[in-house]
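Q: Right, I'll just put the structure down here and ask away after.
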Amino acid sequence: MEHLAFGPVRIYLGDKSGKYPDGNQVVVQGADTRVAFDTPLVAQRIGDDLDEVDLLILGHVHEDHTVAMGRLRHAQVQVHEADLAAAQSWDGLARHYGYPAPVLAVIREMIAREFSWAPRPDATGYTDGASWDLGGGVRVRAHHLPGHTAGHCALVEESQGVAFIGDIDLTGFGPYYGDASSSLTEFQRSLRRVRELDARIWVTSHHRGVIAERAAFEQALARFAGKIDERNDRLLGYLRERPHTLDELVARRLLYPLGFELPYVESAERRSIALHLEQLQQQGAVRVSGEGVYALA
């Protein structure tokens, strides 16, 4: 496949610049070691450049980032310790998602079929600031940026300043924090911290692909972060009309348009709306009754 090259870093863009369900693949070649960051669907079409990697470093664990994890059995797998259990077993991934049991049953079959998901019980954990010396002056460092998942990290190849920022993906959809391991507050903190990375090139998992200008990155990041405020405004608008229960708010949707259906959508809406309501309560903007009815404070 054709790819973009920045020194030792090769970037293979997935379908539509990695739009979900695909993603963008990063491979880094040192003098001694070749590593891959995640493995999206495009990994199935790359060939030897990916198949011969020595190490797979996961920026986080979700089905669309682990497509070749089961196939690359010769390669060691490492993931931030907060996401480690989700890479090691289905039970760990199920807790990571946190969906109801009937939804998880459907999801398990879907990700095996569509994403070739397979656990790696031999995967090991890394921590914030972990680094990998690949030889020849090529070094990768992990920067913990949680929120999307508890263990979500940016992976930076330091000689070229190429930052793989994963699912801080700068899409028009905005930040996703709909799983049990997600955190709205930590995502907001990570959106501030990602600006501080020593980087000249930013690579997203999805849709945006490669950004090579600081001004364009800052602009895209501001729009992406602004989606959180837009969601708060929409929730407050619902409550301005009348008080709502959480079930009623979930039915009106916050993340996804009405009529868009995937097995996890209702669970993601419920988790995300609950996180917003919790934050709005802490800010004194929303109150909740003993019957679970939310209203403007």
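Laboratory data are not the source of any read-out in this text; all were calculated from the coordinates shown. This structure is a prediction, so every number in the text was calculated from the model and none was measured. Cβ atoms come from the backbone with ideal geometry, glycine included; neighbour counts cover every protein chain shown.
Q: Report, by chain and number, residues whose modeled amide H sits under 5 Å from the one on Asp38, excluding near sequence neighbours (fewer than 5 apart, same chain).
A: Ile57, Leu58, Gly59
Q: Would you compute, from DSSP H runs of 4+ residues alone, the mean residue ellipticity of the chain at 222 nm, taking -39500 (n - 2.57) per run and dividing by the full residue count, rounded to the nearest 500? List each step's numbers first, then the result.
A: Details: 9 runs with 99 residues, N = 297.
Taking each H run of at least 4 residues, the total per residue is -10000 deg cm²/dmol.
Q: Diagonalise the Cα gyration tensor of region 4-220 and give the resulting equivalent ellipsoid semi-axes, square root of 5 times each eigenvalue, largest first, whole Å. Let's see the in-between values first.
A: Working: eigenvalues 115, 83, 53 Å².
Those come to 24, 20, 16 Å.
Q: Out of the DSSP beta bridges found with both residues in region 4-220, what percent are antiparallel (nearest 5)?
A: Details: 25 of 40 bridges.
In region 4-220, DSSP labels about 60 percent of beta bridges as antiparallel.
Q: While we're on this one: With only alpha-carbon pairs counted, each pair once and no self-pairs, how large is the Kirkwood hydrodynamic radius of region 133-283 in angstroms?
A: Working: mean 1/r = 0.0602 Å⁻¹.
Across region 133-283, the inverse of the average 1/r is 16.6 Å.
Q: Using a 7 Å offset from the Cα along the Cα-to-Cβ direction at both Glu248 and Trp90, what is the distance between the two label points in nm, to one decimal?
A: 4.0 nm
Q: Label-point separation (nm) for Ala297 and Ala274, each offset 7 Å from Cα along Cα-to-Cβ?
A: Modelled inter-label distance: 2.1 nm.
Q: What stretch of the chain, leaving out the sites themselves, is the longest with no GluC sites (Glu not before Pro) in a DSSP loop having at most 15 other Cβ atoms within 10 Å?
A: The segment 53-157 is the longest one with no such site.
Q: In percent, what relative contact order does the chain have, based on Cα pairs under 8 Å that are 6 or more apart in sequence?
A: Values: 611 pairs, mean separation 43.2, N = 297.
So the answer I get is 15 percent.
Q: Once Lys and Arg get +1 and Asp and Glu get -1 on their Cβ, which of Ile57, Phe115, Leu13 lies farthest toward the positive end of the dipole of region 4-220?
A: The one lying farthest along the dipole's positive direction is Leu13.
Q: Report the full-extension gain for the segment Ser289 to Glu213: residue separation times 0.36 nm, less the Cα-Cα distance, to one decimal in nm.
A: Numbers: separation 76, 0.36 × 76 = 27.36 nm, distance 4.85 nm.
So the chain would gain 22.5 nm between Ser289 and Glu213.
Q: Provide the gained length on full extension for the span Arg71 to Glu158, in nm with one decimal, where the gain is 0.36 nm per separating residue minus the Cα-Cα distance. Numbers along the way, then the final one.
A: Working: separation 87, 0.36 × 87 = 31.32 nm, distance 2.83 nm.
The span from Arg71 to Glu158 would gain 28.5 nm if fully extended.
Q: To the nearest 20 debye, what charge dipole does the chain have about its Cα centre, counting +1 at the Cβ of each Lys and Arg and -1 at the Cβ of each Asp and Glu? Walk me through the intermediate numbers first.
A: Details: 31 positive and 41 negative charges, 146 e Å.
Dipole about the Cα centre, nearest 20: 700 debye.
Q: Give me the net charge of Lys16's neighbourhood, meaning all other residues with Cβ under 12 Å from the Cβ of Lys16; Lys, Arg count +1, Asp, Glu -1. Write out the running numbers ahead of the final one.
A: Numbers: positive: Lys19, Arg208; negative: Asp15, Asp22.
Spelling it out: positives minus negatives among the neighbours equals 0.
Q: Something else about it: Among the trypsin sites (Lys or Arg not before Pro) within region 17-86, which fall in a DSSP loop and have no more than 11 other Cβ atoms within 10 Å of their own Cβ? It would help to have the intermediate numbers written out before the result.
A: Working: sites: Lys19, Arg34, Arg45, Arg71, Arg73; in loops: Lys19, Arg71, Arg73.
Answer by residue number: Arg73.
Q: Just to confirm the number: angle between the C-alpha axis of helix 214-241 and the first principal axis of the chain, 0 to 90 degrees, nearest 10?
A: 20 degrees
Q: Only loop residues by DSSP count here, and only those with at most 14 other Cβ atoms within 10 Å; note down the chymotrypsin sites (Phe, Trp or Tyr not before Pro) in region 194-272 that meet that.
A: Passing sites in region 194-272 are Phe260.
Q: At 7 Å along the Cα-to-beta-carbon direction for both Arg113 and Thr127, put a label point, then send me their distance in nm to one decimal.
A: 4.2 nm
Q: Here is a further query. About its Cα centre, what dipole magnitude does region 227-296 give when the only charges are +1 on Lys and Arg Cβ and -1 on Asp and Glu Cβ, stated in debye to the nearest 20?
A: Details: 10 positive and 11 negative charges, 27 e Å.
Roughly 120 debye for region 227-296.
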